[in-house]
Structures are given as C-alpha cells and as structure tokens.
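Notes follow the structure.
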Amino acid sequence: MSTLLKVARNTVIVLLALYLALFGLTKVIHYPDPISTIRLGLAPASKTPDLMPSHIIKAGAKVSDWQMGKPETPGNVIYNGNSLSFQNFLDTTHTNAFLVIRNGKITYEYYKDKKFSNLRLPSYSVGKTMTSIVVGQLIDQGKISEKDTFVKYFPEFKTGGDFDTITIQQLLDMQSGVGVSDNYPSGPSGWGVAIAQMYGGTDMHWFLMHNRKMAFKPGTQSIYRSVDPEMIGMIIKKVTGQSVSDYFSTNIWQAVGAEHNATWNVDHVGGIEKTFCCFNAYARDYARIGQLVLDNGIVPATKRQVISTAWMKRLTSPVTRLDYGWGYGAYMWHPYPGVSLMLGLHGQFVYADIPNKTLIVKLSDEPTNTDNRSPMVAAVLKQVSEKH
C-alpha cells in the first residue's frame, strides 16, 4: 500500500472515530446529531427555522387583509450617534424585512430580497410574547393562576428547595432564579453551555430535570432567563392537553386572520415547543399580532377580544427593569413610555407604539455578538414611529 493510501485510510479512520465520539456525546446530552448541530450553530438566523423539528401553526380560512395607507419612505435617521440614510440603516443592521403600519394600514414595506416576503422568518425571543398571550388566556379562563407553583403541575421536579416555590408570576417576570444563564455562546466552543443545550436540545423535560440548580431565591431579583418561558410552555401543554402550537393556531393565529401557516420549533416531533424562542412566521403575520396589541387585544374585523383587557394591562405595564434599564413584564419589553416591544436575538423587533398608533416590524440576520445594538435600533424605530 502506498504512503498516500495509508494516510488517506488513517485519516478516514480518525474522522470516523471522531464522528462516532461526537455522536455518542450528542446523544448523552440530548443534542441533535453532530452534523445537524454544526449546521444549526453556523447558520444565519433566517436559515434556522428548517434546521430543527417543528409543529405547524395552521392559518384559518378567513384572512384579515391589510389595507394600504399613504406610502412613506423614512428619511435619514440617527443610529449610534451618526446620521444615516434609511437604506444604510437597513443594510448596517442586516435587515431582511421592515414594515411600518400606521392606524392599521401599511405605509412602508421593505424586503432585502423578494424571497423574504414569502418566507417564514424566525423571531427568537419574540416567541416569548406569543407564549405570554397563550398563558394570559388560560389565566382568564381560570385554568391556571399566577400564584400557582410550577411543581403543582410537575411534582416530579420537586427538589425540596427553592425550586419548588417558583410561581407562574415569577416565571412571567423573569424572577424565578433558575440558574440557566442567557449568555449565548459564539461558535462551537460554546455549544456545551446550558442555554445552547436548551436551544438545540431534543428533550426539554430531560434538560430541566438536569438544570434545577438555583442562582437566587425566587422573587428576590429580576434576571432575564429563557428557561422561565420554557417552564411556562410545559405548563401550557399540561393544562390544555394539546401542543402549544395547536392551541395557538385555534385561539390566536386563526383569530387574528393570519394569512400563512407558521411553525414553532420543538425538541422533537410530538414533544414540547421551545416557548422561549423559535416561533417562525411571515413578516405580515407578525404584524397581525403586533396590531392586536395596538388594538387593545381586539381584532377589528370580527370584534373578537383575543387578549383580554386584564391581560392587555399586564402586557403593557412594566413590573421590573432588566437589560438597558428597560421596563419588562409578562415577556414584553417597555423601552419608552407607551411602547410595548417584542424583542428577539439577531435583531427581531415587533414595536408597538400605542400613543402614536404605529407598529413596526423588523426582522434581521444580525450576528450574535451584535445583540447589544438593541437600544440603538430601538432608538431608530422610535424616530420612525414618531415622525408622521
């Protein structure tokens, strides 16, 4: 055997052994297979919806059509202390879709490429607000109470310690104390941290069972934790007896007249939605949820109250302060008075300016390490919203 063939054979053997070792490791920590994990970790945001299993959120037969308002083109904006043309701002912040809706009518609509107008785009933590809308309905129906503890529904998770005292209210306001940090890693070196395991994981029950260590006593601090809405998602499935996606489809998605099916990524098909993120939809359909907030929870075309006045007050009233000094409560951000913001990693914004009756949707492919741009982007959305 020639030297070249021996080298090739030995290389193949080493690579195969490495793959088998990684395959074994991913099974132990309930990750997808190594190739799927690598693809997910390296993909831009807009490519991720189809890289994890998902459940379908079915649109209904009746679509709430958008009306077109007087067209506008935003002018120069101040971004990070500099004056930029609006197109430069869109390019700088890796924008795939940008919609402005005033008084319920679309006045500006931009897509980086035509394909983004006909593509389900991820929302990351905007999905937390979708989860909040669901739990609000269940609270209104008396099926759960904010005073309920998580272990009331899942006694098998009891630890005999502070974990057992976590309430739904504390989960909604990021006050649970569960020690799963939201410090997202960059690249393969960070895939072993807990938040990455939750994002890519294939068994949420297993994940939580192995991550019940507490960082602080429930209710004593407010720290952004994605594990909190995941625990809420588990409760939703337990209480309704159906997937979060199926409940959302019937009671919210079809009610607002969504045009297209959406998806919600899950740990595995038939499993649990990743309710801390991973809701995927068309830009115009995200706007229908945002418009619901602007319209005080009512769908104008049908007069249906999808979000009760009580839960609307909960969604639009900050109860604590988190990152950037912004108000927060029930998985909704409040960067400015009268503004309720659904915010997601990689530059996803559903910005509802209630006093100005203006909604802005911005869906992006921002790199992970630019998450600190959120206040600068929000400042531009404020400029656009307030300029009539």
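The values are calculated or read from the model by the stated rules, or taken from the named source; none is laboratory data. On a predicted model such as this, the values are computed, not experimentally measured, just so you know. For neighbour counting, all protein chains shown are included, and Cβ atoms are generated from backbone atoms with ideal geometry for every residue, glycine included.
Looking across the range 306-335, the residues that are on the phi < 0 side of the Ramachandran plot and exposed (fewer than 15 other Cβ atoms within 10 Å of the Cβ) come down to 309, 310, 313, 317, 320, 321. Taken over the range 293-321, the residue count meeting the criterion of being more than 25 Å from residue 66 (Cβ to Cβ), aliphatic (A, V, I, L, M) and outside any loop (DSSP other than H, G, I, E, B) is 1. Note on the range 205-253: residues that are under 23 Å from residue 134 (Cβ atoms) and not in a loop (DSSP other than H, G, I, E, B) total 27. Return the only residue of 181, 189 being modelled with pLDDT under 95 and part of a loop (DSSP other than H, G, I, E, B). Going through 181, 189 in turn, just one is modelled with pLDDT under 95 and part of a loop (DSSP other than H, G, I, E, B): 181.
Entry remark, the range 108-133: residues being farther than 24 Å from residue 254 by Cα and touching a strand residue (DSSP E or B) at 6+ places or on another chain (Cβ under 8 Å) number 5 in total.
Criterion first (assigned to a loop (DSSP other than H, G, I, E, B), farther than 16 Å from residue 133 by Cα and β-branched (Val, Ile, Thr)) does residue 151 satisfy it? When the stated conditions are applied, residue 151 does not pass them.
Residue under question is residue 324, and the condition is that it be among the hydroxyl-bearing types (Ser, Thr, Tyr) and either assigned to a helix (DSSP H, G or I) or more than 30 Å from residue 141 (Cβ to Cβ) (or both); does it hold? Answer is yes for this residue. Of the strands (runs of 3 or more DSSP E) lying entirely inside the range 46-143, the ones with 3 or more residues being at pLDDT 95 or above and touching a helix residue (DSSP H, G or I) at 6+ places or on another chain (Cβ under 6 Å) are found at 95-102. Within the range 213-239, the set of residues being among the hydroxyl-bearing types (Ser, Thr, Tyr) and buried (at least 16 other Cβ atoms within 10 Å of the Cβ) comprises 222, 226. Could you tell me whether any residue of the range 294-305 is under 19 Å from residue 229 (Cβ atoms) and either among the hydrophobic types (A, V, I, L, M, F, W, C) or touching a Cys at 6+ places or on another chain (Cβ under 8 Å) (or both)? No, every residue in the range 294-305 fails to be under 19 Å from residue 229 (Cβ atoms) and either among the hydrophobic types (A, V, I, L, M, F, W, C) or touching a Cys at 6+ places or on another chain (Cβ under 8 Å) (or both).
Condition check ((1) among the hydrophobic types (A, V, I, L, M, F, W, C); (2) without any contact (Cβ under 8 Å) to a residue 40 or more places away in the chain) across all residues:
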position: 143; (1), (2): no, no
position: 161; (1), (2): no, no
position: 173; (1), (2): no, no
position: 182; (1), (2): no, no
position: 195; (1), (2): yes, yes
position: 210; (1), (2): no, yes
position: 215; (1), (2): yes, yes
position: 226; (1), (2): no, no
position: 233; (1), (2): no, no
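Yes or no: residue 338 under 19 Å from the mean Cα position of the chain (by Cα), more than 17 Å from residue 135 (Cα to Cα) and not aromatic (Phe, Trp, Tyr)? Against the criterion (under 19 Å from the mean Cα position of the chain (by Cα), more than 17 Å from residue 135 (Cα to Cα) and not aromatic (Phe, Trp, Tyr)), residue 338 does not qualify. The condition of being under 22 Å from residue 223 (Cα atoms) and hydroxyl-bearing (Ser, Thr, Tyr) does not hold for residue 95.
Checked against (1) of a type in the set (Gly, Ala, Ser); (2) crowded, with 23+ Cβ neighbours inside 10 Å; (3) farther than 16 Å from residue 138 by Cβ, residue 249 passes all but a single condition, namely (3). For residues in the range 345-383 being touching a strand residue (DSSP E or B) at 6+ places or on another chain (Cβ under 6 Å) and of a type in the set (Val, Ile, Thr), which is surrounded by the most Cβ atoms within 10 Å (Cβ to Cβ)? So, considering only residues that are touching a strand residue (DSSP E or B) at 6+ places or on another chain (Cβ under 6 Å) and of a type in the set (Val, Ile, Thr), the one surrounded by the most Cβ atoms within 10 Å (Cβ to Cβ) is 361.
Among the residues examined, residue 379 does not qualify as in contact with a helix residue (DSSP H, G or I) (Cβ under 7 Å, 6 or more places away or on another chain) and either not in a loop (DSSP other than H, G, I, E, B) or not aliphatic (A, V, I, L, M) (or both). A single member of 257, 271, 290, 297 is touching a residue at least 24 places away in the same chain (Cβ under 8 Å), at positive phi and assigned by TED's automatic domain parsing to the domain that holds residue 361, and it is 257.
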